[in-house]
């Protein structure tokens, strides 16, 4: 506070003895820094190279940028001078186009498209060129008679100009040969009036006429073929923004090397996994058609129906054979019965009664004897 500072001053004690020493190496209020910087500035000023003063530059030529000092060129020294390298050509031909502005002060970014092209080339370098023109926005009114007459005259004049140029170029003789101009006479009065000059003549008449031209003289100038201009710019294509490639896309685009199963001219040892990868068997998914199952099912159904039919036919055949066998057995029994009845004297086919049972029994015995005989 001010009271404490006044008390310290009254005691005769310096502030630097009371306050602690500064931790920083320098301070913006320290005078020692100014004393240290002063000789540096003087040394820099003394080391700077200055041009000789006015009137002492005879035979002196500026060679470096330091020779110019802070000023420009020296007009009394008749050599090429480039202060600050202004106007000095470095010998490099750059392709940088100068910045151009339009009438409204905007930068013309499409100037790079017209580099190396003629002024007649139509350049579409803005977004408006991509927008389709609408019919209703255009002036489609029918022109009047005066406008038609003016357009007709302009078209006729343009066509006549083109035709006249073609006709003139097609002529064998050049037009300047056919059009001969008359000679011109010029009066020449010399400025020197000495009698020994110009043979003592005060004036002369000079005749000026065109030098004759040989029509069969070969051309003096060789027409060089103009180099072909750059091609037309590519059609602008509105691409979608680029997308980051995923791991799946990278794996899908990974194409295995071609490995032949028939040729190996270099004699390389190719692993089996590489061969299988090149074969492509594991990459394709096998899809079985549903009609194979339908065909197999139809075969099973047909087989079952065929087996059932065969079993039915076999059963029917066995039944027929059994019936035929029973019929034959019945016929044999009937024949044996008739034979027994003939032996016993009974009428064949008679009704069998009580005696018939005995006869049948006797016949049975006789029958038995007959069979034995």
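A short reminder: the numbers here are calculations on the coordinates, not readings from a lab. Just so it is clear, the structure is predicted and the values come from calculations on it, not from any experiment. Methodologically, a virtual Cβ is constructed for each residue, glycine included, from the backbone with ideal geometry; neighbour enumeration extends over all protein chains shown.
So how far apart, in nm, are the two label points at residue 166 and residue 329 if each is 7 Å from Cα heading toward Cβ?
The modelled label-to-label distance comes out at 12.4 nm.
Could you compute the FRET efficiency for residue 140 and residue 235, with r as their C-beta to C-beta distance and R0 at 45 Å, rounded to 0.05? Could the numbers behind the result be given before it?
Working: r = 28 Å, r/R0 = 0.62.
Result of the calculation: an efficiency of 0.95.
Counting each pair of different Cα atoms once, what's the Kirkwood radius of segment 56-112 in Å, rounded to one decimal?
Details: mean 1/r = 0.0668 Å⁻¹.
Computed over segment 56-112, the radius equals 15.0 Å.
Sketch the reach of a paramagnetic label on residue 255 as a point 7 Å from Cα along Cα-to-Cβ, and name the residues of segment 274-289 whose backbone nitrogen lies under 15 Å away.
The answer is 278-280, whose backbone nitrogens lie closer than 15 Å to the label point.
Say each of residue 129 and residue 319 gets a label point 7 Å from the Cα, pointing the same way as Cα to Cβ; how far apart are those two points in nm?
So the label points at residue 129 and residue 319 sit 9.8 nm apart.
At what distance in nm do the modelled label points of residue 50 and residue 283 sit from each other, each positioned 7 Å from its Cα along Cα→Cβ?
Distance between the two pseudo-spin positions: 8.3 nm.
For segment 210-299, list log₁₀ I(q)/I(0) at each q in 0.12 Å⁻¹, using the Debye formula over Cα point scatterers of equal strength and ignoring solvent, two decimals each.
-0.86
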